[in-house]
Amino acid sequence: MVPERAAAPASGWCARDVPTVCAELGASVGGLSPEDAADRLARWGPNALPAPPPTPWWVVLARQFISPLIAILIVAGIVTSIQRHWVDAGAIFLVLALNAALGFWQERKAARDVRALQELATTSARVRRGGVVEVIPAEDVVPGDLVLVESGDRVPADARLVEVNALLADESLLTGESLAVLKGTAPVAADTAVADQTDMLFTGTLVSSGRGAGIVVATGARTQLGEISALVRRKPPRTPLQKLTHSLERRIGVVVLISVVFVFAAGLVSGYSVSDMFRVAVALAVAAIPESLPIIFTVAMSVGVSRMARRGAIVRTLPAVETLGSTTVIASDKTGTLTENRLTVERLWTMDGDIVPGEATDQLTMRLLRAGALTNEAGESARGDLAGDAVDVAMASVALTAGAVSAVERARPPEHHVPYEPARRYSLTVVREPDGARMQYVKGAPEVVGALCESLAVPGGTVPYDVELVMIENARLSRDGLRVIAVAERVLPPDAAVDAPPSGMTLLGLEGMDDPPRAGVADAVAECRSAGIAVKMITGDHPETAQAIARRLGIATDRPPVTGAEMAELDDRVLTARLEEAGVAARVAPGDKLRIVEVLQRGGETVAATGDGVNDAPALRAASVGVAMGRGGTDVARDAADLVLTDDDFTTIVEAVEQGRVTFGAIRKATFFLLSTALAAVFALSANVLIDQPLLFLPVQMIWINLVTTGIQDIALALEPGEGDELARPPRGRREGVLSRVLWARTAVTGVWMGLVVLAVFAWSLNTGADVDHARTLAMATFVLLNFYQVGNARAERTSLVRLSPLRNKALVVTAALAVGVMWAVTVWEPAAALLEVTPLSLLEWAGCAAVAASVLVLVEAEKFARWLLLRRRRLVDEMQD
C-alpha cells in the first residue's frame, strides 16, 4: 500500500535522505515488484495531467449569442415576426446567423491549428521492477518506482535521486534557468527553490548528459508540473475589448429604450393611435439598433487573425487580436523567448586579448578552441547536429566552425578521458595528435584549472602563470553574464602514464558563453518603447545572467533585478515600484510570475505575457493576452495562451501589436460610421413624430438602409488598412472607449446634421405636393448618399479625406458605389419597389439628393481643418515658450 504521503505534491522530498524516502514510500533502490506497481497504478491512477475536454461545438456556437446587443437583435427579430413583417425579421435573423457563423468558424479553426502544433512530451520510461529493467509507457509510472535516465531522456515523473553519474538536467522549461543543472544525491533544505533542488528530477525536464536513477515521489497532477497546471485552469480575465464592447452595448440598449418609450408616449399625446405608434416604435428600434455592429467586430478581428497568421501568429480567440493593440506592458520570459535557449561561445580571452568568435583568429586562439573541443563529450544526434551537455555542445560548435578541429578528429576515441564531475570541477582528455605528441587537455572552472597550471600561453611561447590576472579576466567576463570555462594543455612526457594526474599545465585561455538574444529582439524592444509599451523580463534565471541579457536588449536599468525571495517581502505597491525601476525579475517561481502579471493589471496595465515553458503557463493564462512559442514551446504553454507564434520570434509580437492597433482602428472607424448613421435615423424619426408629419421611414425601409446599404459599407470599412504610424502612437488610455472624445463629438454633430438634412428633404417634398411614398423615397435616397459621404469621413480621425487614396481600400470603394447602385435599382425594379414601398426618381432628383448630402463631407472637412489649425497654434505657442 502506498502511504498517503505519496498523494501530496512533490514538496519536501528534497530534504529527506534516501533511506527515509524509501521508508515513506514503501520503496527500495531495487525497485517495486510488478504486483505492487499494479496496485499503486490502480490506486493513484495514470501518470498524466488531467486534460480538459475539448469545448463542445454547441458551446462555441452558443458563445456567439452571449451579448446584450445580440439579445436586442433577437428581441427585435421576434417582435417583427409577431407583427408578421417577415422581410424585417428575416434580415435581422440573417445578421445573427452570419455573425455567429464567422465567430464559430474562427474559434474552431484556431483550436485546430494549435492542436496541430502539439507533441507528446513523454511516451516511455525505463524502470526497475522485480530486479529487471523494463521500458513501460510513461503514464504507467507510479510513486515508488525506480526510474533510470540517461542523456537525451525526458524525465517521466518527479523523482528523488539515489544514483548519479555526471548527471546534468536541462530544467529551462520548468524553471527558466538556461544552464543545465548538475545533479547529486545529497539532501538540500526543504525550502530550497525548485531551480536549486539538485537532488530532484522533475517531470518534463530533459537529461542533458550523464546517467542517474531516482525514486518516483509524485506522478500526474501531484508533480511540480501538475501544480502549475492547476494554476493554468483558472478562469482568464475579460479582455479590454470585451469590456469596451459590453459597455457600448449597454449604452446602446439604454438609448434604444429611452428613445422608443419617449417617442411612443409623445405620439400618443399628439393623437396617434396605439397601432400607428407601435409601428413607429418598431421602426425607431430598428433604426437605433446598429444591427451590423457585432458582425463588424467579428469581421475586423477575423481580418486581423488572417493578417497575423501570415506573419507567423495563430490567434486562438478573436478578442486577443485587439487586446495586443492596447497592450501597455509585455511581461516576457527570457529563455527561448528573448534568447535562443542554447549556449554559444560569445567571447574568447587569451594573452592576446579578447576575441569574438567569427573574427580573425590567431594560432593561440585556434589552440584554445581545439583543446576545448577535444576534451568534450558532445556527440552527434539522430538529426546530425551536436547533442549533449550545453557547454560541451557550445565549445565543440565554435571549434568546428572556426576550423580548429574536424569532425573526424573529434570522433576519434581518446587514449584516456575523465568526465566532468562536481567534486573535480574539470574534465580531462589525453589525445595523440598528428605529430605523435600525447596532449593532455583540461577544461573546467577557472579557479580549479588555474590551480593546475604553472604557465600562461603567449604567442611563440609561455610566461609564468599569473593567478591575479586570470581571476580579473574571469570576473570581467562573469560580470557580463557569461559562463566562463578555462582551458589548459600540456605535452605528456614519453614515460608518463596515460592516466597521469594533471599538473604543470599551460593555460590557453578562457571561453565565455551565454544564451544569446534572438536576432532582432533588441530592435523589437526599442520599437515597443517608441510605441509606449514597457517590456519587463521575468525569468527563473540567475539575477546576474538576467541583468546582463536585459542590458543587451535595452530592458534593464542600473537597478538590480527583483528576485523571488525579495518579492515575498514586498507588498503590491512596492513590488510595482521595483518592477518599474528595475525592468527585470529574476529567480522567480511560476507563482511569482503570476503575481507580477496580476499586480501590473490591478495597477491599470494591459499586460501581454510571453513564454514557452510550463513555468510560464499560469502567467499566460492570467494575462490580458498570453503569447506562447509554437515550435520550441510546451503544450502547457500553448494551451494557456491566446496567441501562438509559429516562428518562435519575439519580433513577431511587435508586428502583432501593430496589427492589433490596426484592427482596433478599423473597429473604431466602422463604429463611428455606424453609430453616427444610427443617431441620424433616431433623430430624424423622433423629430418626425414630434412635428406631426407622416411616418418618415417604414420598418422595412430602415432594415433595408441598415443592412443592405449601411451594412455593406460598414463591413468594408472594417477592412481599412493601417495608416502607417500605429507604432509611433502611445496605447490608448485605459478609460478611453471604442470611440475617442473627438469621434464622440463628431458622431453627435454629424448624426444630428444628417437627421436634419433627411427631415428637410422629406418636408420639402411633401410641401411641393409629392405623395408620401415619393417623399419617403427621396428621403431614403438622401440618407443613402449621406452614408456614402460619411463612410469617407470615417476613414481617418484627423487626416483629410483628400489625402487618402481610395485604392488603399478597394472593397470600400466598391461597396459604397454598390450601396448607391442598389438603392437606385430597388426604385426602378417593380417587385422590389412594391416590397419597400418606394417610387422611381428622376436624374435631377438624384443629383439634388447628392448635392444636399455632400454637406456632411464639407462639415467634417471643415472641422478637421479647424482642429489642425488649433493644434498648429498650440505647437507654435509651445515653441515660442521654449
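Identify all residues within region 665-683 that are of a type in the set (A, V, I, L, M, F, W, C) and either under 19 Å from residue 259 (Cβ atoms) or not in a helix (DSSP H, G or I) (or both); write none if there are none.
674, 675, 678, 679, 680, 681, 682, 683
From 866, 851, 825, grab the single residue that is under 26 Å from residue 799 (Cα atoms) and within 49 Å of the chain's Cα centre (by Cα).
Answer to the check: 866.
For the subset of region 135-148 comprising residues that are farther than 10 Å from residue 215 by Cα and out of contact with any Lys or Arg (no Cβ under 7 Å at 6 or more places or on another chain), which member is surrounded by the fewest Cβ atoms within 10 Å (Cβ to Cβ)?
The residue in question is 137.
Sort through 318, 257 and tell me the only one that's surrounded by 19 or more Cβ atoms within 10 Å (Cβ to Cβ) and either assigned by TED's automatic domain parsing to the domain that holds residue 712 or modelled with pLDDT under 75 (or both).
It is 318.
Any idea which of 750, 768, 799 is surrounded by 15 or more Cβ atoms within 10 Å (Cβ to Cβ) and either in contact (Cβ under 8 Å) with a residue 40 or more places away in the chain or hydroxyl-bearing (Ser, Thr, Tyr) (or both)?
It is 750.
Among the numbered criteria (1) at pLDDT 80 or above; (2) part of a helix (DSSP H, G or I); (3) closer than 17 Å to residue 794 by Cα, which single criterion is violated by residue 706?
It fails just one condition, (1).
Say whether the condition of being in the same structural domain as residue 670 (by TED's automatic domain parsing) and closer than 29 Å to residue 687 by Cα is met by at least one residue in region 798-808.
no
Being over 25 Å from residue 718 (Cβ atoms), in a helix (DSSP H, G or I) and acidic (Asp, Glu), is that true of even one residue in region 826-835?
Yes, that holds for at least one residue.
Which fully enclosed helices (runs of 4 or more DSSP H) of region 24-99 have 2 or more residues being in the same structural domain as residue 129 (by TED's automatic domain parsing) and modelled with pLDDT of 80 or more?
34-44
Only one of 475, 496, 486 is within 46 Å of the chain's Cα centre (by Cα), surrounded by fewer than 21 Cβ atoms within 10 Å (Cβ to Cβ), more than 14 Å from residue 377 (Cα to Cα) and not hydroxyl-bearing (Ser, Thr, Tyr). Can you tell me which?
Just one listed residue meets the conditions, 475.
Please tell me if residue 111 is under 33 Å from the mean Cα position of the chain (by Cα), modelled with pLDDT of 85 or more, outside any loop (DSSP other than H, G, I, E, B) and within 24 Å of residue 612 (Cβ to Cβ).
No: the conditions fail for residue 111.
Quick check: is even one residue across region 135-151 over 22 Å from residue 49 (Cα atoms) and of a type outside the set (D, E, K, R)?
The answer is yes; a qualifying residue exists.
So residue 414 clears everything in (1) modelled with pLDDT of 90 or more; (2) within 28 Å of residue 476 (Cα to Cα) except one condition, right? Which one?
Condition not satisfied by residue 414: (2).
Can you go through 609, 586 and tell me which one is closer than 19 Å to residue 339 by Cα and either touching a residue at least 60 places away in the same chain (Cβ under 8 Å) or within 19 Å of the chain's Cα centre (by Cα) (or both)?
609
Restricting region 418-447 to residues that are charged (D, E, K, R) and touching a helix residue (DSSP H, G or I) at 6+ places or on another chain (Cβ under 6 Å), which is modelled with the lowest pLDDT?
Residue satisfying both the conditions and the ranking: 425.
Which one of these is in a loop (DSSP other than H, G, I, E, B), surrounded by 16 or more Cβ atoms within 10 Å (Cβ to Cβ) and not hydrophobic (A, V, I, L, M, F, W, C): 540, 509?
The conditions single out 540.
So that you can scan it fast, the table gives a plain yes or no per residue for (1) within 40 Å of the chain's Cα centre (by Cα); (2) farther than 27 Å from residue 550 by Cβ; (3) of a type in the set (Phe, Trp, Tyr):
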residue: 340; (1), (2), (3): yes, no, no
residue: 364; (1), (2), (3): no, yes, no
residue: 367; (1), (2), (3): no, yes, no
residue: 379; (1), (2), (3): yes, yes, no
residue: 390; (1), (2), (3): yes, no, no
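Scan region 512-530 for residues that are assigned to a loop (DSSP other than H, G, I, E, B) and surrounded by fewer than 20 Cβ atoms within 10 Å (Cβ to Cβ) and report the count.
So the answer is 4.
Of the numbered conditions (1) touching a Gly at 6+ places or on another chain (Cβ under 6 Å); (2) under 24 Å from residue 523 (Cβ atoms), residue 689 satisfies every one except a single condition; which is it?
So residue 689 meets the others, but not (2).
Based on this model, can you work out whether residue 872 counts as assigned by TED's automatic domain parsing to the domain that holds residue 703, in a helix (DSSP H, G or I), of a type in the set (Lys, Arg) and without any contact (Cβ under 8 Å) to a residue 24 or more places away in the chain?
yes
Starting from region 362-391, take each residue that is on the phi > 0 side of the Ramachandran plot and list its partners that are of a type in the set (A, V, I, L, M, F, W, C), counting only C-beta distances under 6 angstrom and pairs at least six apart or across chains.
388/378
Of the residues 813, 820, which single one is touching a residue at least 12 places away in the same chain (Cβ under 8 Å), in a helix (DSSP H, G or I), surrounded by 12 or more Cβ atoms within 10 Å (Cβ to Cβ) and not aromatic (Phe, Trp, Tyr)?
820
Any residue at all in region 394-410 that is closer than 25 Å to residue 335 by Cα and assigned to a strand (DSSP E or B)?
no
Which one is modelled with the highest pLDDT among residues in region 670-688 that are more than 16 Å from residue 786 (Cα to Cα) and surrounded by fewer than 24 Cβ atoms within 10 Å (Cβ to Cβ)?
Step by step, filter region 670-688, then rank; the result is 687.
Inspect all residues belonging to region 593-608 and state whether any of them is at pLDDT 80 or above and within 12 Å of residue 228 (Cβ to Cβ).
yes
Are there any strands (runs of 3 or more DSSP E) wholly within region 144-246 with 2 or more residues that are in contact with a helix residue (DSSP H, G or I) (Cβ under 9 Å, 6 or more places away or on another chain) and either at pLDDT below 85 or farther than 30 Å from residue 297 by Cβ (or both), and if so which?
158-170, 206-218
Could you pull out the residue among 647, 714 that is in contact (Cβ under 8 Å) with a residue 60 or more places away in the chain and more than 30 Å from residue 334 (Cα to Cα)?
Checking each option against the conditions leaves just 714.
Given the residues 720, 736, which is the only one that is surrounded by fewer than 18 Cβ atoms within 10 Å (Cβ to Cβ) and in a loop (DSSP other than H, G, I, E, B)?
Being surrounded by fewer than 18 Cβ atoms within 10 Å (Cβ to Cβ) and in a loop (DSSP other than H, G, I, E, B) holds for just one of 720, 736, which is 736.
If only one of 460, 481 is more than 22 Å from residue 424 (Cβ to Cβ) and free of Cβ contacts under 8 Å to residues at least 40 places away in the same chain, which one is it?
Selected residue: 460, the only one of 460, 481 that is more than 22 Å from residue 424 (Cβ to Cβ) and free of Cβ contacts under 8 Å to residues at least 40 places away in the same chain.
Inspect region 568-581 for any residue being buried (at least 19 other Cβ atoms within 10 Å of the Cβ) and in contact (Cβ under 8 Å) with a residue 60 or more places away in the chain and give the result as yes or no.
No, that holds for no residue.
The values are calculated or read from the model by the stated rules, or taken from the named source; none is laboratory data. Keep in mind the model is a prediction, meaning the values are calculated, not measured. Ideal geometry is used to build each Cβ from the backbone, glycine not excepted, and the neighbour counts take in all protein chains shown.
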